[in-house]
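See below for the structure under consideration.
Readers should treat all values here as calculations from the given coordinates under stated rules, not as data from a laboratory. Computed from a prediction, not measured in an experiment: that's the story for all the values here. Reconstructed Cβ throughout: ideal geometry from the backbone, glycine too, with neighbour counts over all protein chains shown.
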Amino acid sequence: MRAFELSTLALTVLAGGMPWLFACASAPHPAATASGAATARGGVAPGGAAVAPGQAGAGAGDASAAPAEADPHSFSRPSEVAVEHLILDLSVDFPARRLSGRASLRLHSKSSGADTLYLDTRDLDIQRVTLEDGKTEAPFTLGDPVPHLGRSLAIRIPPGTTWVHVDYATAPDAAALQWLTPAQAGSALPLLFTQSEAILARTWVPCQDTPAVRQTYEATVRVPPGFLALMSAENPTAKTADGIYHFRMPQPVPSYLLALAVGDLAWKQLSNRSGVYALPETLERAAWELADTPRMMAAAEKLYGPYRWGRYDLLVLPPSYPYGGMENPRLTFATPTILAGDRSLVSLVAHELAHSWSGNLVTNANWNDFWLNEGFTVYIERRIMEALYGKDYADMLAVLGRQDLEDTLREKGTDSPDTRLHLDLAGRDPDDGVSDIAYEKGALLLTTVEAAVGRERFDRFLRGYFDTFAFQSMDSRRFVAYLKAHLLDTHPGLAESLRLDDWIYAPGLPQTAITVRSAAFARIDQAIAAFAAGTPPAQLDTKGWTTHHWLRFLRNLPQPLAPARMADLDSSFHFTDTGNDEILDAWLLLALRNTYEPAGAALERFLIAVGRRKYLQPLYTELAKTPAGAETALRIYAQARPGYHPITRAAIDKILDWRE
Ligand SMILES: [Zn+2]
């Protein structure tokens, strides 16, 4: 996922708790941080069983490996019974904003006496549960709702049960589902897409919603005629007449990689194993912008081994898409804000493609080790960009990333536990742990190790890492052990001199972090110095600057800037009218900080049109700093909010203290 930038959000600590009633439980439960004073709540099924999260992960997903740390964000207990295959049969009802149908789960019993299957659900209407042939009903209980986590679904099963079928429907406000009206989608038809990471799959599929469990899947999806349905699976490239689509996903994936999109979508080929889906009017533009995707695949394979997922397609979604991209296997979901018209923002494609190795192939066992997904992916993203566009280009990305990291460390404080790579997110929404730490501190650790052992050896190590742990889950402890055994131990004392444990388990940034320099940015810094000394912007030498040069420039201008100087910048470089969302975002932030009012209309348009959280969160945060700004923010937000994804809404609600 390309998300980050949530650093200024208040952390959500679970208020209250839940009664832990173990009607069906047989095993002792570790004390979950989510627990607390028992408080009776309404809506409990008679005799309702609630289980503490923290069971998932133990030995799950990878039977041969040492038990992983328990997953504090799942009620499931895959060490007892694990889901190994999923069959979905779902109907998509746009007017009711509902998915309904059946999830059939094939089980793999890990302990012979297991008599209960625990699934994760949130806001699901569970109608009926049957076993095996679908005729025998199974008793089930829903646990009390726990903030963020939803409700456990405990299904009584005779030991050795192979199939469980859950008939259910989703809620109209299911957090993983965004239902766009035609106006919001910019389409003649409405559009639906999912976002399951981190723990939102449970809002549209009853499942073992932990990255420690992998399942293959099949699906039948019924949509109205005229729509194309797509999943993180083998996909159609054209609409069917009857609106019925069949999907097959032969590689096992964790639940957070379940994905569905439905809309008036069209497809265009990029190569024999890569293509682009988008709304018809966006398709040509998207295909042009993303034309280097096949070359990126070739570069990544040369470094890290074969691409193991069959096809690699991209789906360019409408602007309300909350993230930069999401690495749904076989079908990356992407924001249209990368369509800059000059291919300057395609590092996002390199990022999502890199997840085909780091994340999708070797997967963080739970969200405390999110850095194993994202830090590796940022590192690989830059290696792919270097292979295609040269070292200067990759160095620019690394230097911009380092600045993001320093900003985040400053905001959080270098002694904040949230600046560790290995996080403690128990009792919190894992989305709250998403920051540049996982991405940039993680990538910087790998860059630092690479510098210490040499690129050739490090590349060989990473290739072996992906081959060894393909389709398995990974946590920090096991990674460190593998890194030491297969790379660092041949250099006596290296793990200690790198201060490896400090990198992962201590806050802040170790002194051993290397500094990447960008020759290209030296020129930008000269321009900034000249501007600071009074040179009019029009006289600066900006020939050949691309998006990243401009970002370096905008982010490092002297502060504050008088209105006349802001106006001078704007009239020289037309920032307020730029069609490049990345540059516009940096400019609007600068405009807010310097109260440059002529950008106000562009800010309002941007906040209403774009739903990418990375842009919106800092802009609303900046607005909220003054009473007048907060008033403006609330006025704009009231209009923009219905078009934002629930994930974006949750972030902005907190910033503005929004109450419906
Ligand atoms: Zn990512």
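A few notes on this one:
- Our coupling estimate for the stretch 509-526, obtained by passing each phi through the Karplus curve with A = 6.51, B = -1.76, C = 1.60 and θ = phi - 60°, is 10, x, 4, 6, 4, 7, 10, 8, 10, 10, 5, 4, 6, 4, 5, 5, 5, 5 Hz, Gly and Pro reported as x.
- Residue-by-residue Karplus 3J(HN,Hα) for the stretch 146-160, coefficients 6.51, -1.76, 1.60, Hz, glycine and proline x: 10, x, 6, 8, x, 10, 6, 10, 9, 10, 6, 10, x, x, x
- Summarising the label geometry, the points placed 7 Å from Cα in the beta-carbon direction at residue 481 and residue 84 lie 2.4 nm from one another.
- Computed from Cα atoms, the angle from the helix 600-609 axis to the main principal axis of the chain rounds to 30 degrees.
- Distance between modelled label sites at residue 522 and residue 451, nm, 7 Å Cα→Cβ extension: 1.7
- Distance from the stretch 239-280 to the stretch 470-516 (C-alpha centre basis), Å: 38
- In nm, spacing of pseudo-spin labels at residue 303 and residue 555 (7 Å Cα→C-beta vector): 1.9
- Taking 358, 271, 74 and counting other C-beta atoms within 10 Å, the order from fewest to most: 271, 358, 74
- Which listed pairs, of 391/654; 302/484; 239/302; 391/543; 543/654, have C-alpha distances above 30 Å, in listed order: 391/654; 239/302; 543/654
- Ascending count of other beta-carbon atoms within 10 Å, so fewest first, for 161, 194: 161, 194
- Karplus-derived HN-Hα couplings along the stretch 251-262 (A = 6.51, B = -1.76, C = 1.60, θ = phi - 60°), whole Hz, x at Gly and Pro: 8, x, 10, x, 4, 5, 9, 6, 8, 9, 9, 9
- Label zone at residue 403, where the point sits 7 Å out along the Cα-to-Cβ direction: the stretch 549-581 residues whose backbone N lies under 13 Å: 549-559
- Share, in percent, of DSSP beta bridges within the chain that are antiparallel, nearest 5: 75
- The Stokes-Einstein estimate for the stretch 519-656, based on a Kirkwood radius over Cα pairs and taken at 20 °C with 1.002 mPa s viscosity, is a diffusion coefficient of 136 µm²/s.
- Overall shape: rounded for the stretch 352-505, with the ratio a/c of the largest to smallest alpha carbon gyration tensor axis below 1.5.
- Looking at the stretch 207-351 alone, DSSP beta bridges between its own residues are antiparallel in about 70 percent of cases.
- Order of 115, 120 - criterion: other Cβ atoms within 10 Å of each residue's Cβ, fewest first: 115, 120
- The chain - convex hull of the alpha-carbon atoms, volume per residue in Å³: 151
- Calculated FRET value between residue 660 and residue 609, using beta carbons and R₀ = 25 Å, to 0.05: 0.65
- Backbone N within the stretch 106-127 under 14 Å of label point (7 Å from residue 136 Cα along the Cβ vector): 107, 115-117
- Taking each residue as 0.36 nm, the span from residue 106 to residue 342 lengthens on full extension beyond its C-alpha to C-alpha distance by 80.2 nm.
- Treating r as the C-beta distance of residue 530 and residue 574 and R0 as 22 Å, the FRET efficiency rounds to 0.65.
- Cα-centred dipole magnitude for the stretch 519-656, charges only on beta-carbon of K, R (+1) and D, E (-1), debye, nearest 20: 440
- Given charges at beta-carbon only (K, R positive; D, E negative), |dipole| of the stretch 402-469 in Debye: 420
- Computed per residue of the chain from DSSP H runs no shorter than four, each worth -39500 (n - 2.57), the mean residue ellipticity at 222 nm is -10000 deg cm²/dmol.
- Simple Cβ-charge dipole of the stretch 352-505, Lys/Arg +1 and Asp/Glu -1, about Cα centre, in debye nearest 20: 600
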